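A.B. asks: First, the structure itself, so that you have it in front of you.
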Amino acid sequence: MSFINYASREINCKIVYYGPGLCGKTTNLQFVYQKTAPDAKGKMISLATETERTLFFDFLPLALGEIRGFKTRFHLYTVPGQVFYDASRKLILKGVDGVVFVADSQEERMDANIESLENLRINLEEQGYNLDKIPYVVQYNKRDLPNVVSVEELRRELNPTDVPEFEACASTGEGVFETLKAVAKLILVDLKKGK
Amino acid sequence: MSNPQMVMYDEEFKQINVVIEKLLREANSKVIFLVDKNGQLISGVGDIEQFDTTSLASLTAGNIAATGGMAKLIGEKEFSILFHEGEKDNLHISIVGGRVILVVLFDNRSSLGLVRLRVKKASDELTTIFNRLLEKAEEKEKSGETDFPFAEITDDDIDNLFS
């Protein structure tokens with residue numbers, strides 16, 4: 001849940017990037033990190049294996065600016081995508097304010113996408129969240145590759161509830177900020193309602 | 001929701017800082033900070049400029065979450081104290097009132113025994129403050145009082161953040 005500090009006039013929100021292994025969650029964060037002004041970001045932390053696979057999480061704090069005198073900060077996290085790290089994934093979802101599901105558009109990763117999305121729904125429910133009720137967007141990543149599934153099919157399989165969706169190529173940065181902005185906006189609109 | 005929203009008011013913020021500043025002196029420590037279990041830094045005192053407290057907060061919460069997961073697997077509710085010993089500096093991490101994490105960084109000018117002793121006393125005081133904070137937030141919510149800063153924001157305010 002977001003943390004509102006009236007004493008220091010800050011509001012902190014947590015965004016989690018979820019998706020199957022090697023879909024580009026860490027790459028999303030790396031691009032955001034590279035393109036953000038130094039005064040608006042903290043250090044990016046990656047708890048990864050020697051082969052650069054995420055072991056526990058990546059973390060990137062971002063300060064977006066002020067709304068009504070409140071400093072607005074977003075903490076971006078990724079989960080480890082590989083199936084056997086499920087215990088770690090559950091932990092990272094604690095206190096989440098918004099979720100980005102990063103799908104791998106390649107045909108051979110379709111099953112992995114579906115499995116990961118089901119896993120997201122189950123793990124959120126364990127924490128008391130409902131995927132249909134929290135700020136949530138979908139990103140179809142790796143659109144630049146030759147063997148991709150059509151957006152229509154991805155939508156049918158991965159976005160039946162018609163949440164905001166974005167085509168992306170995280171390695172070049174296409175669609176990365178659009179995705180982040182969309183989920184941040186949904187979180188702020190949710191906060192506005194004062195749920 | 002599993003966890004109610006964390007809200008911090010001026011009054012309690014000051015009280016919390018008084019407690020952790022006292023702990024900083026009495027435990028002869030270098031830095032003390034408080035983090036909520038989701039990884040948000042609540043407050044810090046001491047030599048905090050020397051450290052990246054945002055990252056420390058996030059990793060501390062990850063650490064507590066991971067050991068908490070281990071605790072459950074062996075049938076424990078949680079491990080309420082973690083201690084990390086370094087060559088020069090050490091970290092004493094404890095859970096306060098079930099939802100906040102207290103981190104004490106100290107070197108050889110202090111000792112684990114002293115830190116444990118002082119943390120125990122400070123934890124009780126902090127628990128009282130955090131319980132009051134929770135009650136206060138619940139009361140405000142019940143009475144429908146909205147001093148919530150975001151109630152009035154417009155779409156333009158949100159868009160401006162990204163311009």
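Just so it is clear, none of the values below were taken in a lab; they were calculated from the coordinates. Predicted model, so just to flag it, every value in this text is computed and none were measured. Cβ sites come from the backbone with ideal geometry, for glycine too, and all protein chains shown count toward neighbours.
A.B. asks: Would you confirm, using the coordinates I've provided, whether residue A:73 is more than 8 Å from chain B (Cβ to nearest Cβ), over 18 Å from residue A:170 (Cβ atoms) and either touching a helix residue (DSSP H, G or I) at 6+ places or on another chain (Cβ under 8 Å) or in a loop (DSSP other than H, G, I, E, B) (or both)?
C.D. replies: Here the answer is no, as residue A:73 does not meet what is asked.
A.B. asks: Within the range B:56-66, is there a residue that is within 14 Å of another protein chain (Cβ to nearest Cβ) and among the hydroxyl-bearing types (Ser, Thr, Tyr)?
C.D. replies: Yes: the range B:56-66 contains one or more residues that are within 14 Å of another protein chain (Cβ to nearest Cβ) and among the hydroxyl-bearing types (Ser, Thr, Tyr).
A.B. asks: Also: Quick check on my filter: what residues within the range A:1-52 are among the hydroxyl-bearing types (Ser, Thr, Tyr), more than 8 Å from chain B (Cβ to nearest Cβ) and touching a residue at least 12 places away in the same chain (Cβ under 8 Å)?
C.D. replies: A:17, A:18, A:26, A:27, A:33, A:36, A:46
A.B. asks: Tell me yes or no: at least one residue of the range A:172-181 is surrounded by fewer than 21 Cβ atoms within 10 Å (Cβ to Cβ), in contact (Cβ under 8 Å) with a residue 60 or more places away in the chain and under 17 Å from the mean Cα position of the chain (by Cα).
C.D. replies: The answer is yes, given that some residue of the range A:172-181 is surrounded by fewer than 21 Cβ atoms within 10 Å (Cβ to Cβ), in contact (Cβ under 8 Å) with a residue 60 or more places away in the chain and under 17 Å from the mean Cα position of the chain (by Cα).
Yes/no per residue for (1) of a type in the set (Ser, Thr, Tyr); (2) buried (at least 18 other Cβ atoms within 10 Å of the Cβ); (3) within 13 Å of chain A (Cβ to nearest Cβ):
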position: B:80; (1), (2), (3): yes, no, no
position: B:95; (1), (2), (3): no, yes, no
position: B:104; (1), (2), (3): no, yes, no
position: B:113; (1), (2), (3): no, no, no
position: B:120; (1), (2), (3): no, no, no
position: B:125; (1), (2), (3): no, no, no
position: B:131; (1), (2), (3): no, no, no
position: B:162; (1), (2), (3): no, no, yes
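Let's see how each residue does on (1) of a type in the set (S, T, N, Q); (2) buried (at least 17 other Cβ atoms within 10 Å of the Cβ):
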{"site": "A:3", "(1), (2)": "no, yes"}
{"site": "A:26", "(1), (2)": "yes, yes"}
{"site": "A:32", "(1), (2)": "no, yes"}
{"site": "A:37", "(1), (2)": "no, no"}
{"site": "A:44", "(1), (2)": "no, yes"}
{"site": "A:47", "(1), (2)": "no, no"}
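A.B. asks: Taking the stated definitions as given, is residue A:97 within 14 Å of chain B (Cβ to nearest Cβ) and of a type in the set (Asp, Glu)?
C.D. replies: Yes, satisfied.
A.B. asks: Is it the case, given these coordinates, that residue B:57 is in contact with a helix residue (DSSP H, G or I) (Cβ under 6 Å, 6 or more places away or on another chain) and within 24 Å of residue B:41 (Cα to Cα)?
C.D. replies: When the stated conditions are applied, residue B:57 does not pass them.
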